[in-house]
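Let me begin by presenting the structure, written as structure tokens, before commenting on it.
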Amino acid sequence: MYQVFRPFIDSLRDLLPIIVVIGFFQLFVLQQPIPDLGNLLVGVFMVVIGLTLFIRGLEMGLFPLGENMAYAFARKGSALWLFAFAFALGFGTTIAEPALIAVAAKAAEIAANAAFIDKSEEAMDSYAFGLRLTVALSVGVAIVVGVMRIIRGWPIQYLIIGGYLGVVVMTMFAPKEIIGIAYDSGGVTTSTITVPLVTALGVGLASSIKGRNPMTDGFGLIAFASLTPMIFVMGYGMLI
């Protein structure tokens, strides 16, 4: 019976610190009753159920899918198709990321209010889509670089250090209005779909290549996906 309810119990345990923190500050710091407690408890229960099903779905579907595709591409022996898949995976999962859509729309609204772009729906939509497209392209490139690193066995620390040095240099020259958006873009790219698929791709690829260690070589793709959007978005701001 415990094995049946274990995923549910694990999800509840993971959410418990958040519930305790919110309850403590609401009751003891703000000293106010919790509003609409019934609906809040129902909502928490639904979150626990959703988190349980999501994690179970990752274990059953996305992780095996990513690893199996990595094995298949490694057996096929075609680096071109592997790079094409890596780019498409990064681009496709990022362009439709809800967090990125929200950030891009808000950035377009603020840019229009500040008179950086025309305050028209067409101009704001164009700005937001350009921002989303830039971030998606950057993530696609990032996954390709990460896959190439696994194949070639390049040390990840040098690539990351070089990338962040590039971020620092571009920050000096990029318009100040785009810098904050660029930095935030590095965070919104790590979505709930991109992370498990890309992680599974890296681990599966490292496991299928002789001489690669899944622990030391399989992880690190997400770091590139967080790094390159900052560079690309600042470049986008400098161009427009």
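Just checking: which of the helices (runs of 4 or more DSSP H) contained wholly in the stretch 1-110 hold 2 or more residues that are acidic (Asp, Glu)?
Working: elements: 2-24, 37-57, 63-76, 79-95.
In the stretch 1-110, 2-24 are the helices (runs of 4 or more DSSP H) which contain 2 or more residues that are acidic (Asp, Glu).
Of all residues in the stretch 10-20, at least one satisfies being farther than 21 Å from Leu58 by Cβ, under 31 Å from the mean Cα position of the chain (by Cα), modelled with pLDDT of 85 or more and of a type in the set (Val, Ile, Thr). Among the criteria (1) within 23 Å of Ala84 (Cα to Cα); (2) in contact with a Ser or Thr (Cβ under 7 Å, 6 or more places away or on another chain); (3) surrounded by fewer than 20 Cβ atoms within 10 Å (Cβ to Cβ), the one Thr194 does not fulfil is (3).
The set of residues from the stretch 8-34 being in contact with a helix residue (DSSP H, G or I) (Cβ under 9 Å, 6 or more places away or on another chain) and of a type outside the set (Ser, Thr, Tyr) comprises Phe8, Ile9, Asp10, Leu12, Asp14, Leu15, Ile19, Gln32, Pro33, Ile34.
Residue count for the stretch 170-227 satisfying the condition of being of a type in the set (Ser, Thr, Tyr) and within 16 Å of Leu159 (Cβ to Cβ): 2. Condition (residue is farther than 22 Å from Ala79 by Cβ, surrounded by fewer than 16 Cβ atoms within 10 Å (Cβ to Cβ) and within 21 Å of the chain's Cα centre (by Cα)) applied to the stretch 171-180: is it met by at least one residue? Yes, some residue in the stretch 171-180 is farther than 22 Å from Ala79 by Cβ, surrounded by fewer than 16 Cβ atoms within 10 Å (Cβ to Cβ) and within 21 Å of the chain's Cα centre (by Cα).
Residue selection: Tyr158 fails the criterion of being open to solvent by 60 Å² or more (accessible area, probe 1.4 Å), under 22 Å from Asp217 (Cα atoms) and touching a Leu at 6+ places or on another chain (Cβ under 9 Å). Could you please tell me which pairs satisfy a Cβ distance under 7 Å, a separation of 6+ or placement on different chains, a first residue in the stretch 109-129 that is charged (D, E, K, R), and a second residue that is open to solvent by less than 80 Å² (accessible area, probe 1.4 Å) and in a loop (DSSP other than H, G, I, E, B)? Between residues of the stretch 109-129 that are charged (D, E, K, R) and residues that are open to solvent by less than 80 Å² (accessible area, probe 1.4 Å) and in a loop (DSSP other than H, G, I, E, B), there is no close pair.
The values are calculated or read from the model by the stated rules, or taken from the named source; none is laboratory data. Bear in mind the structure is a predicted one, so any value in this text is a computation, not a measurement. Because the Cβ atoms are built from the backbone with ideal geometry, glycine has one as well, and the counts that use them run over all protein chains shown. The accessibility values were calculated without ligands, DNA or RNA, using every heavy atom of the protein model including side chains. Shrake-Rupley method; radii C 1.70, N 1.55, O 1.52, S 1.80 Å.
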